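Data first, discussion second: the structure below is written as structure tokens.
Every number here is computed from the coordinates shown, using simple stated rules; none is lab data. Just so it is clear, the structure is predicted and the values come from calculations on it, not from any experiment. So basically every Cβ, Gly included, is an ideal-geometry build from the backbone, and we count neighbours across all protein chains shown.
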Amino acid sequence: MSSLGASAIPETAGLIVAAGEGHRLGASIPKAFLQLGTSPLFLWSLRTFQGVEQIARIVLVVPADRQGLARSLCQQAGLTKVAAVIPGGRTRAESVYAGLESLSSQAPELVAIHDGARPFVSPAIIIRTIDDAQRTGAAIAARPLTDTLKEVTSDGRVAGTADRAKFWQAQTPQTFRFSTIHDAYRQARAEDWEDTDDAALVERAGAQVTVVEDDPGNFKITLPEDWTRAQALVAGPETVRIGHGYDVHRLAEGRRLMLGGVEVPHDRGLAGHSDADVALHAIADALLGGVALGDIGTHFADSDPAFQDADSAALLAEVVRLVAKAGYRPVNVDVTIMAEQPRLARYVPAMCNRIAAILQLDAQAVSVKATTTEGLGFVGREEGIAAEAVALLARVVTSEPL
């Protein structure tokens, strides 16, 4: 038996409301279906409710056109307590009422109502509201105010200062005896009440509500800054990676010299299966190495005729796509080109701009340096040109729709 709760009696149902459109978030799809980390937003709180022993079954309320997708995702996630996925209404109150009605044919003793846009609710908070609701009939997660509360007139004048010790911010879950909240909603519909949370209807109907102090991490995703905060929390410790790349090619007659995506006038070019741009190849290896995807030869073999005389800029663009598929993006790159001749300083700005365009970065995020080897080695003997690159990559937490 779970150490978090002593009994599965009285029967408690979870009601997860995830039918909002997310207009204030600026989402192009219902916000519950935005991808947070590896899961859609609504699955985060559902998994927590699934793991609470006291929760016997769960009703999920979503937009009508997302019911099928939501059912499929719940099944894939192994959420066996999800007994129904039902369509929501135009408002949150309509969606909660729809959920209560769906439970009424086999009414539980208690129902814990929670916003699907609060992904980080803890099992402890759910259980504490259940325990208090069992004792008192109604208990909500809430937080005491920490800021001074001012009463302000319509023309912007301060009319008074409230005693903040008396005021708490209501959160969810809000847990009630089922009959209490169901009757309150029916009365609200009959008498055309409008309130901002479930507990307000219960209060208005004459019942008492107690508070359970909430965890600050149980915040609701409403505005873009909330989404940014949530993304940062789920990104985990491995948010950046570093890769290193190195490439070298011989100089040969009859070849164009391509360096950093720019053609550089010279009497010889670099020999290779592709256009042999050592700077772009070194960057490609740095990016691939940063996400452990091998090297450029792994993906563009020099034995493959498809890459004969290939444009290295196109190959690097494909590497960027592979890196994105692995969940990362370039942040900045630093390249050093080692060539005795030609002198490259005048071409460096064009190289930076070209590389930045391929990597979809600002030019300030690209550094290209050119150096000689003071006549030493194969570079010094003008037999070839080499390049080294270092790349920083950041993990992408996507908000793309499913």
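Its Cα centre serving as origin, the chain has a Cβ charge dipole (Lys and Arg +1, Asp and Glu -1) of approximately 600 debye.
Each 10 Å bin from 0 upward holds the following percent of the Cα-Cα pairs of the stretch 1-128: 13, 47, 32, 7, 0. Working from label points 7 Å from Cα in the Cα-to-Cβ sense, the ALA314 to ALA235 distance is 3.5 nm. Counted by Cβ distance under 15 Å from LEU257, the other residues give a net charge of -4, where Lys and Arg count +1 and Asp and Glu count -1. Using R0 = 35 Å, the C-beta based FRET efficiency linking ALA83 and LEU223 works out to 0.60. Relative protection proxy for 124-131, 297-304, from highest mean packing down: 124-131, 297-304 (other beta-carbon atoms within 10 angstrom).
With the highest mean first, a sort of the peptides 185-196, 40-51, 154-165, 73-84 on other beta-carbon atoms found within 10 angstrom per residue produces 40-51, 73-84, 185-196, 154-165. If you take the Cα centroid of the stretch 371-393 and the Cα centroid of the stretch 301-348, the two points sit 16 Å apart. For the chain, the 222 nm mean residue ellipticity estimated from helices alone, with every DSSP H stretch of n ≥ 4 adding -39500 (n - 2.57) and the total spread over all residues, rounds to -9500 deg cm²/dmol.
Computed about its Cα centre, the charge dipole of the stretch 1-113 is approximately 320 debye, with only Lys, Arg, Asp and Glu carrying charge at their Cβ.
Placing unit charges on the Cβ atoms of the charged side chains and taking the dipole of the chain about its Cα centre, the candidate lying farthest along the positive direction among GLY384, LEU79, PHE178 is PHE178. Distance between the modelled labels on TRP193 and LEU69, one decimal in nanometres: 3.5 nm (7 Å Cα→Cβ projection). For VAL240, the residues 5 or more places off, or on other chains, whose built amide H falls under 5 Å of its own are ARG395.
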